[in-house]
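The values are calculated or read from the model by the stated rules, or taken from the named source; none is laboratory data. The shown structure was predicted, so the numbers you read here are calculated from the model rather than taken from an experiment. As a convention, Cβ positions derive from the backbone with ideal geometry for all residues, glycine included, and neighbour counts pool all protein chains shown.
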Amino acid sequence: MNPPKDKFVFDVIIRNGLLVDPETGLEQHGDIAIRAGAIERVGSVAGTASKEIDAQGLVVAPGFIDIHAHGQSIPADRMQAFDGVTTSLELEVGILPIRDWYARQRECGRVLNYGASVAWAFARISAMIGRPLEPSLSFMGKCFDDRRWSENTATASELETILTLVEQGLQEGGIGIGIPHAYVPGGGAKEMTDLCSLAKRYDAPTYTHIAYSSNIDPRSSVDAYTRLIGYAGATGAHMHICHFNSTSLQDVRRAAELVQMAQKQGLNITVEAYPYGTGSTVIGAPFFSDPAFRERSGNDYSAIQKVDDGHRFTSREDILQAQKERPDSLVLWHFLDMESNPSAHDLLDVSVLYPGGIIASDAMPWTLPDGSLYEGDAWPLPDDAVSHPRSSGTFTRFLREYMRERQKVSLVEAMRRCSLGPAKVLEEISPQMRRKGRLQEGCDADIVVFDQGTITDRAEFTAMNRRSEGVQHLFVNGEAVITNSELNTHVFPGRAVRGRYIAS
């Protein structure tokens, strides 16, 4: 017989697992005890719990932290849960108004921990074309129907409004500033230095999609990285580089050399990547309509493919027509030919294995055949819901390929790239992240339990909504989201991750 509930010492005990803590280097068998949403014991645990799990043969690690996830919905959370993710953050683009977005997430409920940066692009849209702000990622894509906010240089009064809106977002708890510079070619050096100086005053990271993705000068990727390094040096801002793989293109080796030299000189620059040679964005992105797109990217127009119907573009005219019809349509960009070009894998490795770098998915929303975003509650996801495979399998793909199959990283280093590293990027602006990314007493009970012998991604470009395999159990704030590889569809334990500058 089980003892009465009030006799239990803990809520959950995970026994006999291989415990991994990337901060201390712990890698040994033992137990974990959870109580009131926190890790209370690590090691050998005596006592009882209302739920016990035998993790013999499984890894017990801090849940993965994805700092670049655009899905931000219940279905997106559920797919990422099977990828080992416990915290999913929208930081590259961001959101405005911040207060409204957090209130909406709290009201709807989230499966995973959630949070957002302040959207500089949204501030520009409000200041320069007067659109009422919508706290939704699709807002930026829809506003490409009037490109003045993207292409024009801000006037002095417009810039003052932009900076005021961004600062207000930081004061409402935004986790840094999202700077998708490639989508805003009108954002010049004076505006960027003002923005970065504001970030420095708030100790807020900037999450930057570099200004140019191109193999040739002028406006090459190397040019863009040199500018980013300059902003870090001139303002002291923390410049976080988003998706190092997809913006560096063929010049990733030279870009890595430049960033490493800047880091050695003490500049606060961090790097993320995802293990795919295909990116995803909106068709309205200005770099697709560049007359020199093929020369700059090294790709033909057929490398761009619509997510909803699979259409491959044939010409610039084809692109322009699609931009006119629906600029927020999601597309895939196959920037590396992983099938027939052996050197493509080497280029991808430079970014994924960048020293000290982290993994981040750039997960996209789930789209239905009519182009609308799927935000329903059905599980499994509808058969016709599509996205980039990275929305399902980024972390499990990294573990399968780079840790298990190719043995490029150890288990402890893999966990650093997936959990501790992302947490440390955010700790200055969000001290609560010091309780995440670690398997230590007193830390949040965001825990993934997986089989390192079987963990794998299953999503492909022809079958995007296949969930990953190998995650046996997943806890978010001590509550079981996945048990014995099955999703609990009735729990929404996600909590807000916010910046520390919250005005009363």
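Which one of these is assigned by TED's automatic domain parsing to the domain that holds residue 154, at positive phi and not aliphatic (A, V, I, L, M): 279, 298, 233?
298
Does residue 266 fit the bill of being in contact (Cβ under 8 Å) with a residue 24 or more places away in the chain, assigned by TED's automatic domain parsing to the domain that holds residue 369, surrounded by fewer than 22 Cβ atoms within 10 Å (Cβ to Cβ) and within 26 Å of residue 353 (Cα to Cα)?
In short, no.
Among (1) under 30 Å from residue 237 (Cα atoms); (2) crowded, with 22+ Cβ neighbours inside 10 Å; (3) in contact with a helix residue (DSSP H, G or I) (Cβ under 8 Å, 6 or more places away or on another chain), which single condition is residue 467 missing?
(1)
Of the residues in segment 228-246, how many are in a helix (DSSP H, G or I) and at pLDDT 95 or above?
Summing the residues that are in a helix (DSSP H, G or I) and at pLDDT 95 or above in segment 228-246 gives 9.
Looking at (1) outside the structural domain of residue 34 (by TED's automatic domain parsing); (2) basic (Lys, Arg); (3) assigned to a loop (DSSP other than H, G, I, E, B), which is the only condition residue 467 fails?
Condition (1) is where residue 467 drops out.
Restricting attention to segment 41-58, does a residue exist that is among the acidic types (Asp, Glu) and either on the phi > 0 side of the Ramachandran plot or touching a residue at least 60 places away in the same chain (Cβ under 8 Å) (or both)?
no
Among the residues of segment 149-163, which ones are of a type in the set (S, T, N, Q) and surrounded by 13 or more Cβ atoms within 10 Å (Cβ to Cβ)?
150, 152, 153, 161 - these are the residues of segment 149-163 that are of a type in the set (S, T, N, Q) and surrounded by 13 or more Cβ atoms within 10 Å (Cβ to Cβ).
Name the residues in segment 298-345 that are among the hydroxyl-bearing types (Ser, Thr, Tyr) and either closer than 25 Å to residue 384 by Cα or modelled with pLDDT of 90 or more (or both), would you?
Listed by number, the residues that qualify are 301, 302, 314, 315, 329.
Restricting to segment 182-212, what's the tally of residues that are of a type in the set (S, T, N, Q), surrounded by 24 or more Cβ atoms within 10 Å (Cβ to Cβ) and in a helix (DSSP H, G or I)?
The number of residues fulfilling the criteria is 0.
If you go through segment 337-373 one residue at a time, how many are among the small types (Gly, Ala, Ser), assigned to a helix (DSSP H, G or I) and within 22 Å of the chain's Cα centre (by Cα)?
Counting residues in segment 337-373 that are among the small types (Gly, Ala, Ser), assigned to a helix (DSSP H, G or I) and within 22 Å of the chain's Cα centre (by Cα) gives 1.
Are any of the residues in segment 475-482 polar (S, T, N, Q), in contact (Cβ under 8 Å) with a residue 60 or more places away in the chain and on the phi > 0 side of the Ramachandran plot?
Yes, that holds for at least one residue.
Within segment 247-264, how many residues are at pLDDT below 95 and polar (S, T, N, Q)?
Adding up the residues that qualify gives 3.
If residue 129 passes every condition in (1) out of contact with any Gly (no Cβ under 7 Å at 6 or more places or on another chain); (2) buried (at least 21 other Cβ atoms within 10 Å of the Cβ); (3) not assigned by TED's automatic domain parsing to the domain that holds residue 482 but one, which one does it miss?
All conditions are met except number (2).
For segment 278-335, how many residues are closer than 21 Å to residue 393 by Cβ, of a type outside the set (D, E, K, R) and in contact (Cβ under 8 Å) with a residue 12 or more places away in the chain?
Counting residues in segment 278-335 that are closer than 21 Å to residue 393 by Cβ, of a type outside the set (D, E, K, R) and in contact (Cβ under 8 Å) with a residue 12 or more places away in the chain gives 12.
For residue 194, state whether it is of a type outside the set (S, T, N, Q), free of Cβ contacts under 8 Å to residues at least 60 places away in the same chain and assigned by TED's automatic domain parsing to the domain that holds residue 230.
yes
Go through (1) within 30 Å of residue 206 (Cβ to Cβ); (2) basic (Lys, Arg); (3) buried (at least 20 other Cβ atoms within 10 Å of the Cβ) one by one and return the number of the condition residue 498 breaks.
(3)
Looking at 491, 449, can you tell me which residue is surrounded by fewer than 21 Cβ atoms within 10 Å (Cβ to Cβ), more than 18 Å from residue 363 (Cβ to Cβ), in contact (Cβ under 8 Å) with a residue 40 or more places away in the chain and of a type in the set (A, V, I, L, M, F, W, C)?
Just one listed residue meets the conditions, 491.
Determine whether residue 400 is at negative phi and outside any helix (DSSP H, G or I).
Criteria not met by residue 400.
Look through segment 323-346, keep the residues that are of a type in the set (A, V, I, L, M) and surrounded by fewer than 20 Cβ atoms within 10 Å (Cβ to Cβ), and return whichever of them is nearest to residue 298 (Cα to Cα).
Among them, the one singled out is 344.
List the helices (runs of 4 or more DSSP H) that sit entirely inside segment 105-173 and contain at least 3 residues that are touching a strand residue (DSSP E or B) at 6+ places or on another chain (Cβ under 9 Å), closer than 16 Å to residue 209 by Cβ and not polar (S, T, N, Q).
Because the criterion is at least 3 residues that are touching a strand residue (DSSP E or B) at 6+ places or on another chain (Cβ under 9 Å), closer than 16 Å to residue 209 by Cβ and not polar (S, T, N, Q), the helices (runs of 4 or more DSSP H) in segment 105-173 that meet it are 120-129.
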